[in-house]
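Notes for the one structure printed next.
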Amino acid sequence: MLVSQSSPYPANADAASERALLERRARLLGPTYRAFYRNPIHLVRGSGVWLYDAQGRKFLDAYNNVASVGHCHPRVVEALSGQAATLNTHTRYLSEIILDYAEKLLGTVPAHLGHAMFTCTGSEANDLAIRIAQNSSGGTGVIITDFAYHGATIATAQLSPAAVGAKGVPAQHRTVSAPDTFRDHGRAAHDFAKNVATAIEGMRAKGIKPAALLLDSAFSSDGIFFPDAAVMREAADIVKKAGGIVIADEVQSGFGRLGQGMWGFANYGLEPDIVTMGKPIGDGHPMGAVLVRPRLVASFGSNTGYFNTFGGNPVAAAVGLAVLDVIEGEGLIANARDVGAYTADLLRTLQSRHGAVADIRHNGLYFGVELTADGEALAATKTSGVVEAMREDGVLISSCGPRGNVLKIRPPLPFARDNAEQLAETLDRALSNW
């Protein structure tokens, strides 16, 4: 066990204090706040790709994309504290820093996305995108994948079957199979555009006009897939011809994570009408944004209007600028590409040694490791066991997918080769007990 010599917390803190903390958490926050891991971690500090618990043990963070440029990055902390000590107010006053940030953020996307609208969360960003799409298209129906997650507002939760189940999706919307590149020789991925067309036909048969196709560019909750670009473009074209809007949800796949540029949608050659983002936009600061075609906002603005009191406030703008500066200045997109490829090679070596590893899917620093066993329930249980074993061994990951049998690995962007080696060694030990 690694113990920080500078930790103010006693190394022999007993389990009773942790139990008391869990009991207090349950009493004050209620039953919906679920902690990770059977043995929840009491974190007290973060730095780069590391997290530290109350006993001073450090954990390699291979999961938290929220801290996109690393936990407590000094440049981001300096920008946040400096602006907070100067001015923080709402967006109905004039402010150069908000405009500077909007200009720089818009400079990372195709020119047809000409307006930036700021929110405080990714859920708010997706909610706003849906409102704009429904207003501009005149439709109500939204197409999503069948285990997607897009947020926690009423509108976005209803478009998140991973959270609310298929029965929680309202009748005007449609789910389609995620483009699974693994099962059935990738049939679902091959048929993705056709399935989108079928969903639109189903809407029309019920008198529902399509409003949008809402896509997570990495299909994160569905199991992490990176389908053929031509099929994705075909699906987008089908939606646009039907009068709908294409929304790229970049909350998990954006900001250089996929190692081929700033945005996941660009990997497919897509030209979305709206791009939404959250979480990594502020390296942990609560921020979100919608980048949109100006013509869509023109009609939306005249019919409905929009303001978000603290979306895009000066502190958020300062933080956002710092994050973009760090991504560029530290070469984090190239790092995601290079270290991602190295990590994938290490994982494939494990696949050759462990029969439980059925498939490895990756793009940059985003990995889905599919595990199999005799029966889906057993595979899910064993996958959970791998996640727990790695936690005990000092590496944090999670799982995803409708069957719960895909290891979800998406570390902060400064992840290095030695971090990848620790990840692989730890996973090797966990799989050895499969």
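The values are calculated or read from the model by the stated rules, or taken from the named source; none is laboratory data. Treat the numbers as computed from the prediction; the structure is a model and nothing was measured. Here the Cβ is made from the backbone with ideal geometry for all residues, glycine too, and neighbour counts use every protein chain on show. Each accessible area value is taken on the protein alone, full model and side chains, heavy atoms only, with ligands, DNA and RNA left out. Shrake-Rupley method; radii C 1.70, N 1.55, O 1.52, S 1.80 Å.
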Open item on the list: What are the pairs with Cβ atoms under 7 angstrom where one residue, in the stretch 29-58, is free of Cβ contacts under 8 Å to residues at least 12 places away in the same chain and the other, located anywhere, is of a type in the set (A, V, I, L, M) and surrounded by fewer than 14 Cβ atoms within 10 Å (Cβ to Cβ)? Sequence gap at least six, or different chains.
Closed with: none
Task: Whichever residue in the stretch 386-401 is of a type outside the set (Gly, Ala, Ser) and surrounded by fewer than 19 Cβ atoms within 10 Å (Cβ to Cβ) and, among such residues, is nearest to Ala334 (Cα to Cα) - done: Asp393
TODO: Please specify each residue of the stretch 76-97 satisfying the condition of being in a helix (DSSP H, G or I), open to solvent by 20 Å² or more (accessible area, probe 1.4 Å) and among the aliphatic types (A, V, I, L, M).
DONE: Val77, Leu80, Ala84, Ile97
Open item on the list: Being crowded, with 22+ Cβ neighbours inside 10 Å and in contact with a Ser or Thr (Cβ under 7 Å, 6 or more places away or on another chain) is true for just one of Ala189, Ala236. Which residue is that?
Closed with: Ala189
Open item on the list: Only one of Gly70, Gly46 is touching a His at 6+ places or on another chain (Cβ under 9 Å) and either over 21 Å from Phe367 (Cβ atoms) or at pLDDT 95 or above (or both). Can you tell me which?
Closed with: Gly46
- [ ] Quick one: count up the residues across the stretch 162-213 that are closer than 21 Å to Ala133 by Cα and in contact with an Asp or Glu (Cβ under 6 Å, 6 or more places away or on another chain).
- [x] 2
- [ ] Please work out which residue is nearest to Ala211 (Cα to Cα), limiting yourself to the stretch 170-180 and to residues that are under 21 Å from the mean Cα position of the chain (by Cα) and not hydroxyl-bearing (Ser, Thr, Tyr).
- [x] Val176
Open item on the list: For the list (1) more than 19 Å from the chain's Cα centre (by Cα); (2) open to solvent by less than 10 Å² (accessible area, probe 1.4 Å); (3) closer than 21 Å to Ala67 by Cβ, I need the number of the one condition that Val323 fails.
Closed with: (1)
Open item on the list: I need the strands (runs of 3 or more DSSP E) fully contained in the stretch 131-224, keeping only those with at least 2 residues that are in contact with a helix residue (DSSP H, G or I) (Cβ under 9 Å, 6 or more places away or on another chain) and not hydrophobic (A, V, I, L, M, F, W, C).
Closed with: 141-145, 174-176
Open item on the list: Whether any residue in the stretch 112-120 is surrounded by fewer than 22 Cβ atoms within 10 Å (Cβ to Cβ), in a loop (DSSP other than H, G, I, E, B), modelled with pLDDT of 95 or more and under 16 Å from the mean Cα position of the chain (by Cα) is what I want to check.
Closed with: yes
- [ ] Please go through the stretch 19-53 and pick out each residue that is touching a helix residue (DSSP H, G or I) at 6+ places or on another chain (Cβ under 8 Å) and either among the aliphatic types (A, V, I, L, M) or not in a loop (DSSP other than H, G, I, E, B) (or both).
- [x] Ala35, Ile41, Val49
TODO: Tally the residues that are open to solvent by 20 Å² or more (accessible area, probe 1.4 Å), in a helix (DSSP H, G or I) and not acidic (Asp, Glu), restricting the search to the stretch 99-111.
DONE: 3
TODO: Can you tell me which residue within the stretch 307-317, out of those that are more than 17 Å from Gly107 (Cβ to Cβ) and in contact with a helix residue (DSSP H, G or I) (Cβ under 9 Å, 6 or more places away or on another chain), is most open to solvent (accessible area, probe 1.4 Å)?
DONE: Phe310
Task: Failed condition for Thr383, given (1) farther than 28 Å from Ile327 by Cβ; (2) open to solvent by 10 Å² or more (accessible area, probe 1.4 Å) - done: (2)
Task: Single residue of Thr153, Thr175 found to be open to solvent by 20 Å² or more (accessible area, probe 1.4 Å) and either of a type in the set (A, V, I, L, M) or in contact with a Phe, Trp or Tyr (Cβ under 9 Å, 6 or more places away or on another chain) (or both) - done: Thr175
- [ ] Check off (1) within 21 Å of the chain's Cα centre (by Cα); (2) open to solvent by 30 Å² or more (accessible area, probe 1.4 Å); (3) within 20 Å of Tyr63 (Cα to Cα) for Ala344 and give me the number that stays unchecked.
- [x] (2)
Task: Flag for Leu258 being buried (at least 24 other Cβ atoms within 10 Å of the Cβ) and assigned to a loop (DSSP other than H, G, I, E, B) - done: yes
TODO: Give the number of residues within the stretch 303-321 that are within 17 Å of Leu94 (Cα to Cα) and assigned to a helix (DSSP H, G or I).
DONE: 5
TODO: Of the conditions (1) among the aromatic types (Phe, Trp, Tyr); (2) under 14 Å from Leu291 (Cβ atoms); (3) open to solvent by 10 Å² or more (accessible area, probe 1.4 Å), Phe226 clears all except one; give me its number.
DONE: (2)
TODO: Determine the pairs where a residue that is free of Cβ contacts under 8 Å to residues at least 60 places away in the same chain, located within the stretch 322-351, has a partner that is aromatic (Phe, Trp, Tyr) and open to solvent by less than 40 Å² (accessible area, probe 1.4 Å) with Cβ atoms under 9 Å apart, the partner being 6 or more residues away or on another chain.
DONE: Ala344/Phe367
TODO: For Phe415, work out the one condition from (1) at pLDDT 95 or above; (2) more than 25 Å from Lys58 (Cβ to Cβ); (3) not basic (Lys, Arg) it doesn't fulfil.
DONE: (2)
Open item on the list: Restricting to the stretch 115-135, name every residue that is within 16 Å of Pro280 (Cα to Cα) and among the β-branched types (Val, Ile, Thr).
Closed with: Thr119, Thr121
